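The values are calculated or read from the model by the stated rules, or taken from the named source; none is laboratory data. Bear in mind the structure is a predicted one, so any value in this text is a computation, not a measurement.
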Amino acid sequence: MSTAPEAAKAAKAAKADPKTDKKAGKAVAEAKPVKAAKAAEPVEKKPAAKKAAAKKPVAKKVDAKRSAHAEGRLTQILIAPIVSEKATMAAEKHNQVLFKVMRDATKPEIKAAVELMFKVTVESVQTVQHKGKTKRFGKSIGRRDHVKKAYVSLAAGQELNFSGEGA
């Protein structure tokens, strides 16, 4: 028959760290699970058909011109037309129009904006990043703003009229 103090000692011994043997002070090897037992269990894999079906894109209604661009953003992309000697030469020679555009505007956005605002067909868009010059303003030194320009090529027979005549 065991007493309460002996029962407490037995419970402590059962809770003792199994990695060390208190009597010998040596480490005792722990029983590790056998990998062969895990390999014997069949592992369920998803069929390839389910993976392909999960990655199938969802069909959307697409408007070819303005699908990825909001009209509010498109109205803000074009800042101003550039009317200069070089712009006039490009217009006469290559049927191109120059615009000052937002610096983060992309070529597809510029194309969609010109087609939306002026109801013309755009063939291509080339862009130029123009870095602002460092200038003196009296005693202080400043810098002009960076500008992005867009050379917009129009389809044959189309033109833009900025003078306001015939509008």
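Which of the residues spanning region 138-148 are more than 34 Å from the chain's Cα centre (by Cα) and either among the hydroxyl-bearing types (S, T, Y) or closer than 30 Å to A105 by Cα (or both)? Step through it out loud before you land on a result.
Within region 138-148, the first condition is being more than 34 Å from the chain's Cα centre (by Cα), and the residues that meet it are 138-141.
Hits for region 138-148 are S140, I141.
I'd like to check something: does region 117-132 contain any residue that is part of a helix (DSSP H, G or I) and either among the aromatic types (F, W, Y) or at pLDDT 55 or above (or both)?
Residues of region 117-132 part of a helix (DSSP H, G or I): 117-118.
Next, from what is left, pick out any that are either among the aromatic types (F, W, Y) or at pLDDT 55 or above (or both): 117-118.
Looking through region 117-132, at least one residue is part of a helix (DSSP H, G or I) and either among the aromatic types (F, W, Y) or at pLDDT 55 or above (or both).
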